[in-house]
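The values are calculated or read from the model by the stated rules, or taken from the named source; none is laboratory data. Being a predicted model, the structure only gives us computed values, none of them experimental. Reconstructed Cβ throughout: ideal geometry from the backbone, glycine too, with neighbour counts over all protein chains shown. These accessible areas exclude ligands, DNA and RNA; they are computed on the full protein's heavy atoms, side chains included. Shrake-Rupley method; radii C 1.70, N 1.55, O 1.52, S 1.80 Å.
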Amino acid sequence: MSAATPVTAIRASTYTVPTDAPEADGTYSWDSTTLVLVEADSGGRTGLGWTYAPAAAAALVEGLLAPAVEGIDVLDVPAAAAAMARAVRNPGRTGLASYAVSAVDCALWDLKARLLELPLHKLLGAVRDTVAVYGSGGFTTYTQDQLRDQLQGWAREQHIPRVKIKIGQDSGTNVPRDLERIHQARAAVGPGTELFVDANGGYTAKQAVRVMRDAAEERISWFEEPVSSDDLAGLRAVRAAVEADVAAGEYGTGLPYFQRMCSADAVDCLQADVSRCGGISEWLRIAAVAAAHGLEVSGHCAPHLSAAVAAATPNFRHLEWFHDHVRIEDLFFDGTLDPGGGCVRPSDAPGNGLAFRAADAEPYRIR
């Protein structure tokens, strides 16, 4: 590498992949997932980053972020992050702009590692060789057979010792079905597997406490978004009343969001999504805020984008092995990871170790 190696190009493309079955959680349903891919070029190498977001994120990448980043030395990723923050000042740093920033930031870190011929987790400074994962899916639209097959695939075939299902059916209006599905999930995985549930903000605080009381025999250990992640007082009330760890934070798109959640004593474990929160640069700052409050961080979705920074985060707990994103990432990239035994090992290849299969992705391209 020369003394100065500028970022020469930032490109964005968008792909929409249909789900393999109807999917819903407690408050939303969908039949496809959209991935916005960012490719960053310098010195004959290309770094990869992405986010799961509407196609409008690609327009933000190319219209606002690329002009801000191109020409910056590829080694100076923090300078690029600062330039992107300035570029989105007027449209707003949070929300969709943060998704776009995240994809570019991750691509730049990957590019830097590839140019230095280092695995990304080594460039960041690894604190562990493997990253714990949990199987995540269990959609409210699943039949009992679909739920059983998915959970047993993780717990019995891949030996992942922790799994998660969606509850909060119909925005919390069908608690009997929630309780029935919790019982079905426990029966499917047996007593030796940790059972997590995610209400996606579908309950009121007292309702969430009652659900955990009524499901006590199933030994739930993780209760994600029992109420809206914006209801910090409600999260704190549920946290104080239930035995399961209460978690939230997946929608955070700015450091102050996470600071407020930590300061409110709202969660037992803070969730961060590297494809939303501002990328690897912001993830590291969020993890430091969590550590200052005595909290661990759990990675939300986008598992192959998250594995390297998870390995470099001292106060990290586990990574969400989310059904939709795993399926898409396996389809689009060579070098994806094996969660067998309940953990993944970041690649020793340069960068994130992935190679984009453009021909396989092309049928799903919309932009």
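Springs join every pair of Cα atoms under 10 Å in this Gaussian network model of the chain, and among Ala155, Ala21, Ala132 the largest mean-square fluctuation is at Ala21. Taken over the alpha carbons of the stretch 102-147 as equal point scatterers, the Debye sum produces base-10 log I(q)/I(0) values at 0.25 Å⁻¹ of -0.92. Shape analysis of the stretch 164-297 based on the Cα gyration tensor places the equivalent ellipsoid semi-axes at 27, 15, 13 Å, largest first. Backbone phi angles across the stretch 119-131, fed through the Karplus curve with coefficients 6.51, -1.76 and 1.60 (θ = phi - 60°), yield HN-Hα couplings of x, 4, 5, 6, 4, 6, x, 6, 10, 8, 7, 10, 10 Hz in residue order; Gly and Pro are listed as x. Cα centroid distance between the stretch 277-348 and the stretch 141-196, in Å? The two parts, judged by their Cα centres, are 22 Å apart. Rounded to the nearest 10 degrees, the angle from helix 77-87 to the longest Cα principal axis of the chain is 80 degrees. Take the chain with all the other protein chains still there, run a 1.4 Å probe, and you get 37 Å² of accessible area per residue. The alpha carbons of the stretch 226-324 stretch over 34, 28, 21 Å along the principal axes, in descending order. GNM remark for the chain: springs join alpha carbons under 10 Å apart, and the peak mean-square fluctuation among Val242, Val61, Val133 falls on Val242.
The calculated P(r) of the stretch 1-85, using every Cα pair and 5 Å bins from 0, goes 3, 13, 20, 20, 14, 10, 8, 7, 4, 1, 0 in percent.
The overall shape of the stretch 296-343, judged from the alpha-carbon gyration tensor, is prolate: a/c is not under 1.5, and a/b is greater than b/c. Two decimals is fine: what's Rg over Rh for the stretch 272-367, C-alpha atoms, Kirkwood radius as Rh? Across the stretch 272-367, the Cα-based Rg/Rh ratio is 1.00. The share of alpha-carbon pairs in the stretch 3-156 lying farther apart than 18 Å comes to 65%. Taking the alpha carbon gyration tensor of the stretch 175-233, multiplying each eigenvalue by 5 and rooting it gives semi-axes of 21, 12, 9 Å, largest first. Counting Cα-Cα pairs of the stretch 133-224 in 10 Å increments starting at 0 gives whole-percent bin shares of 18, 56, 24, 2.
For the stretch 269-313, the equivalent ellipsoid built from the Cα gyration tensor has semi-axes of 16, 10, 9 Å, listed from largest to smallest.
Could you state the orientation-averaged shadow area of the convex hull built on the Cα atoms of the chain, in nm² to one decimal? Please list the in-between numbers first.
Numbers: hull surface 66.6 nm².
Result: 16.7 nm².
Over the residues of the chain, the helix contribution to mean residue ellipticity at 222 nm works out to -11000 deg cm²/dmol, using -39500 (n - 2.57) for each DSSP H run of at least 4.
Each Cα pair under 8 Å and six or more residues apart adds its sequence gap; the mean of these over the residue count of the stretch 105-195 is a relative contact order of 25 percent.
Label sites at Glu362 and Glu180, each approximated as a point 7 angstrom past Cα along Cα to Cβ, lie 4.7 nm apart.
Positive end of the dipole of the chain (Cβ unit charges, origin at the Cα centre): among Tyr142, Val127, Gly47, the Cα lying farthest that way belongs to Val127.
What relative contact order, as a whole-number percentage, does the chain give when Cα pairs under 8 Å and 6 or more residues apart are counted?
Details: 856 pairs, mean separation 72.3, N = 367.
Relative contact order here is 20 percent.
Calculated FRET efficiency, Gln146 and Arg345, Cβ-Cβ r, R0 41 Å, to nearest 0.05? Efficiency, rounded to the nearest 0.05: 0.90.
Give the Rg/Rh ratio for the stretch 80-185, taking Rg as the radius of gyration of the Cα atoms and Rh as the Kirkwood radius, to two decimals. Let's see the in-between values first.
Values: Rg = 20.5 Å, Rh = 17.7 Å.
Using only Cα positions, Rg/Rh for the stretch 80-185 is 1.16.
Please work out how much length the chain gains when fully extended from Ala355 to Asp334, using 0.36 nm per residue of separation minus the C-alpha to C-alpha distance, in nm with one decimal.
Contour length minus the Cα-Cα distance gives 7.1 nm.
Based on the Cβ-Cβ distance of Ala56 and Lys122, what FRET efficiency does E = 1/(1 + (r/R0)^6) give at R0 = 45 Å, to the nearest 0.05?
Working: r = 35 Å, r/R0 = 0.77.
The value I calculate is 0.85.
Comparing Ser298, Ser136, Ser221 in a Gaussian network model of the chain, where Cα atoms under 10 Å apart are tied by springs, the biggest mean-square fluctuation is seen for Ser221. Sorted largest first by accessible area at a 1.4 angstrom probe radius, with every protein chain in place, the residues Ile286, Ile366, Ile220 fall in the order Ile366, Ile220, Ile286. Remark: the stretch 223-281 carries a charge dipole of roughly 240 debye about the Cα centre, counting +1 on each Lys and Arg Cβ and -1 on each Asp and Glu Cβ.
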